[in-house]
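Student: Structure incoming, see below.
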Amino acid sequence: MKKINTMFNIFQGNDLIKKTIASVLGYDNPENSWFTKDMYFEAFFYLSKRFGSPSLFDEYKEAGAWSFNVKDYVIEIRMNSSWVQFMMYGKISNHEIHSPYAVKYRRIRREKRDKILSELGDWNDKEEELAGKLFDDFLKENDIDASISQDQFDKEYRGKWFEYVCLHNKRVINLDYDEFTGKYGKIYQNSYTRHAQKTLTQFLKNMLTPIWVRDCPYNIKGRLSDEEAAFYSRYRDNIKIEFKK
């Protein structure tokens, strides 16, 4: 097992982890990542009672954190100032996981490379030719004198020229974001992310396993009825987890 600082935050900035947490813990379609604020103190009590004192990575910003080795991953439960955060680390970085739209966009951009102008400059000969034509059109459309100095152009029109180039490229690529994501979704998944999601689901269910204080059962969301405790007890050995002290 690799140390946590050599692993990557798999679902950072990804709605998939939020939907997984909400589904397992019983929250309906959360719009914000802080929906777990309602279980803040309950989670702290449960985790401390079951696993012991938390680690403190940043005493000013956090109330504590619990880290677990779970299969090929590290799963962390962190208590910030207001809500409970669940984070999952693995071998593949979030930056290597692109949305279906981003994958399609890049593919079209490569296919139509000869008709696209790099927004950052540093053009080759073919791009210089395209840039010249676009620049002439830009001057005409904005009624700019062709003899304008470079300094004056940079001061008054550089931002507008950049937007003009971006709009040209967007028209060439011609991929509507809303239409495409409506058909293929916004989140990219492969066998690795699906396995990570399944593992996270099993882990979260294990956090619903009850502990007892005298005859009172609790899980990560708080006090349970006897019926609920009996139901959630089924997850006690559903997955092997190793608490990292």
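Student: From the list (i) 20.0; (ii) 19.4; (iii) 22.1, can you say which value of Kirkwood radius over Cα pairs in Å was derived from the structure given?
Tutor: After the calculation, the listed value that fits is (iii).
Student: Okay, moving on. Please work out the Cα convex hull volume for the stretch 122-173 and give it in Å³ per residue.
Tutor: 91
Student: Can you give the net charge of the other residues whose Cβ lies under 14 Å from the Cβ of residue 165, counting K and R as +1 and D and E as -1?
Tutor: -1
Student: Just to be sure I understand the rule: take each whole DSSP H helix in the chain, project its Cα atoms onto its long axis, keep it if the span is 18 Å or more and its mean Kyte-Doolittle hydropathy is at least 0.5. Which ones pass?
Tutor: Passing helices, by number: none.
Student: For the chain, what is the calculated [θ] at 222 nm in deg cm²/dmol (nearest 500), taking -39500 (n - 2.57) for each run of four or more DSSP H residues and dividing by its residue count?
Tutor: Computed ellipticity for the chain at 222 nm equals -14000 deg cm²/dmol.
Student: Let me ask something additional. For residue 109 and residue 157, compute 0.36 nm times the residue count separating them, minus their Cα-Cα distance, and round to one decimal in nm. If you can, show how the numbers build up before the last one.
Tutor: Working: separation 48, 0.36 × 48 = 17.28 nm, distance 2.58 nm.
Result for the pair: 14.7 nm of gain on full extension.
Student: Considering the dipole of the stretch 36-166 built from charges on the beta carbon (Lys and Arg +1, Asp and Glu -1) around the Cα centre, which of 81, 144, 124 is farthest to its positive end?
Tutor: Toward the positive end, the furthest listed residue is 81.
Student: Please give the per residue volume of the convex hull enclosing the alpha carbon atoms of the stretch 115-213, rounded to a whole number of Å³.
Tutor: Once divided by residue count, the hull of the stretch 115-213 is 234 Å³.
Student: Per residue, how large is the accessible surface of the chain? Use a 1.4 angstrom probe and give square angstrom.
Tutor: Value for the chain: 63 Å² per residue.
Student: Right, next: If you place +1 on the Cβ of every Lys and Arg and -1 on the Cβ of every Asp and Glu, how big does the dipole about the Cα centre of the chain come out, in debye to the nearest 20?
Tutor: With only Lys, Arg, Asp and Glu charged at Cβ, the dipole is about 1600 debye.
The values are calculated or read from the model by the stated rules, or taken from the named source; none is laboratory data. Predicted model only: the values in this text are computed from it and were never measured. As a convention, Cβ positions derive from the backbone with ideal geometry for all residues, glycine included, and neighbour counts pool all protein chains shown. Only protein heavy atoms, including side chains, enter the accessible area calculation; ligands, DNA and RNA are left aside. Shrake-Rupley method; radii C 1.70, N 1.55, O 1.52, S 1.80 Å.
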